[in-house]
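Visitor: Got a structure here, written out as structure tokens. Questions coming.
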Amino acid sequence: MNFDLNQLIRDNIKKLTTYSSARDEFSGDAKVFLDANENSLGSPLTKWYNRYPDPHQQKLKAAISQIKSIAPENIFLGNGSDECIDLLYRSFCEPKKDNVIICPPTYGMYEVSANINDIEVRKAPLLDNFQLDLIHLENLIDVNTKLIWICSPNNPTGNFMNRKDIETVLNNFNGIVVIDEAYINFSRQKTFTQELSDYPNLVVLQTFSKAWGLAALRLGIAFASKEIINVLNKVKPPYNINQATQDFALKALEEVGQVNDMIRILVDMREALTEVLLQMPIVEKVYPSDANFILVKIKQARKVYEFLLTKGIVVRDRSNVKLCDDCLRITIGTEQENTILVDALADYIKNQTT
Ligand SMILES: *Cc1c(COP(=O)(O)O)cnc(C)c1O
């Protein structure tokens, strides 16, 4: 491998003088802060919300660093992973010139964000077993290929990608390999965050939106070399993580035990729901899942989807997605919600046969 980060960064980003916020110019302790045009009298909410938040989220990164055993300099925080995805495009991909590779069916934002940034998307669809098609992938790479997106465990299929395959991509691609681990906490697969020192071209995405139960806060993490993190820091809006998010996330990080309990319960219910669905005559397949959802191949999926809607139950219809025909993606609910779902499906089957 012949990885040169400098060659990947867009020229305009290389030349960028970063915006220096008030909190950058002075970040120490002082008696009187009159440098940021905040409202000195206070706010209608808690007293410190009149102040701009820490643009580098140092306390929060220190806490994440502890839990993940990764140095703060290897951590970037985004307004959801979705902001990390967008920033990767804006940092490394030149509009109308560069391209990226995705492996569909996969998370939709990689393509949407590419389109917003006017970046060509090349597709190496997953194989029938939902694993990476390495030969196709390799054939798509050219000198302008900057990013390869690998989602593992993958949304919407639920499986993790073979570790050997991911390593092959990491070892042979001179651009950046982004591994999206949004669902890693539900998986038997080991995270790639501990391999950062082996792969200068690796970016791992994680999020507070799934296992941590904090989708509303909008907090995503990118783990990477400090050189890549520095580029993202240069491009991000200065105050991209608001104070409320920083406060709440810090508080949540004290509750790892509770989060681990929820993960265990969700995984148990995933297996239980899988068993129940497999007994149903309309269910053709429940794909093995390493996430907090299952992909279910079901006869006349669209019809089932619409029936469930009449019962007030919303699942995700993926029946028009290539390789997912007649599939519904079902998030694992509470015990009660899963029961409501199962009862509704039983109703549907009864209606079909009478
Ligand atoms: C849900 C999800 C995310 C999370 O995005 P956020 O912006 O952090 O909420 C990222 N990647 C995948 C594959 C997802 O399914």
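Visitor: Quick one: compute the contact order of the range 221-343, relative version, from alpha carbon pairs under 8 angstrom and 6+ residues apart, as a percent.
Guide: That works out to 18 percent.
Visitor: Moving on to the next point. How are the C-alpha pair distances of the range 257-353 spread across 5 Å bins, as whole percents from the shortest bin up?
Guide: Whole-percent P(r) values from 0 Å outward: 2, 13, 25, 27, 18, 9, 4, 2, 0, 0.
Visitor: What FRET efficiency comes out for Q7 versus K164 if R0 is 25 angstrom and r is the Cβ-Cβ distance? Round to the nearest 0.05.
Guide: Computed FRET efficiency for Q7 and K164 comes out at 0.35.
Visitor: In the structure displayed, which of K251/K297; K14/K59; K31/K210; K96/K190; K15/K68; K15/K61 lie more than 31 Å apart, Cα to Cα?
Guide: Where the Cα-Cα span goes over 31 Å, the pairs concerned are K251/K297; K31/K210; K96/K190; K15/K68.
Visitor: Now for a separate question. What does the extension gain come out to for V112 and Q58, with contour length at 0.36 nm per residue minus their alpha carbon separation?
Guide: 16.4 nm
Visitor: Follow-up question, since we're still on this one. Could you tell me the distance between the Cα centroids of the range 183-262 and the range 1-33, to the nearest Å?
Guide: If you average the Cα positions of each part, the centres end up 20 Å apart.
Visitor: Per DSSP helix of 4 or more residues, -39500 (n - 2.57); summed, then divided by the residues of the chain. What does that give at 222 nm, rounded to the nearest 500?
Guide: -11000 deg cm²/dmol
Visitor: Mind checking Rg over Rh on the range 46-204, alpha carbons, Kirkwood formula for Rh?
Guide: 0.99
Visitor: Skipping prolines and chain starts, which residues have an amide H placed within reach, meaning under 5 Å, of the one on G333, given they are 5 or more residues away or on another chain?
Guide: HN-HN under 5 Å from G333: N338.
Visitor: Here's another thing I want to ask about it. Ranking request for peptides 112-120, 287-295: highest mean number of other beta-carbon atoms within 10 Å first, then the rest in descending order.
Guide: Descending packing order for the listed peptides: 287-295, 112-120.
Visitor: Would you order T353, T193, T310, T331 from fewest to most other beta-carbon atoms within 10 Å of each residue's own beta-carbon?
Guide: Ordered from fewest to most neighbouring Cβ atoms within 10 Å, T353, T193, T310, T331 come out as T353, T310, T331, T193.
Visitor: Quote the relative contact order of the chain in percent (integer), defining contacts as alpha-carbon pairs under 8 Å separated by 6+ residues.
Guide: 17 percent
Visitor: Give the long-range amide H neighbours of T207: residues separated by 5 or more places, or on another chain, with amide H under 5 Å away, using H modelled in the peptide plane at 1.01 Å from N.
Guide: I221
Visitor: Considering just Cα atoms, how many Å³ per residue does the convex hull of the chain enclose?
Guide: Convex hull volume per residue, Cα atoms: 156 Å³.
Visitor: If amide hydrogens are placed 1.01 Å from N in the peptide plane, which non-local residues have theirs closer than 5 Å to the one on Y107?
Guide: So Y107 has HN proximity to N155.
Visitor: Modelling each spin label as a point 7 Å along the Cα-to-Cβ direction, I'd like the L16/N144 distance in nm, to one decimal.
Guide: Taking the two extended label points, one gets 2.2 nm.
Visitor: Continuing with the same structure: Could you line up I67, I141 from fewest to most neighbouring Cβ atoms inside 10 Å?
Guide: The most exposed by this proxy come first: I67, I141.
Visitor: Next question, about the same structure. If you stretched the chain out fully between I67 and R51, how much longer would it get, using 0.36 nm times the residue separation minus the C-alpha to C-alpha distance?
Guide: Full-extension gain reported as 3.0 nm.
Visitor: In nanometres, what is the gap between the two model label sites at R316 and E275, each 7 Å from Cα along Cα-to-Cβ?
Guide: Computed distance between label sites R316 and E275 equals 2.6 nm.
Taken together, the values in this text are just the output of simple stated rules run on the coordinates, not laboratory data. Bear in mind the structure is a predicted one, so any value in this text is a computation, not a measurement. Virtual Cβ from ideal backbone geometry, glycine too; neighbours counted across all protein chains shown.
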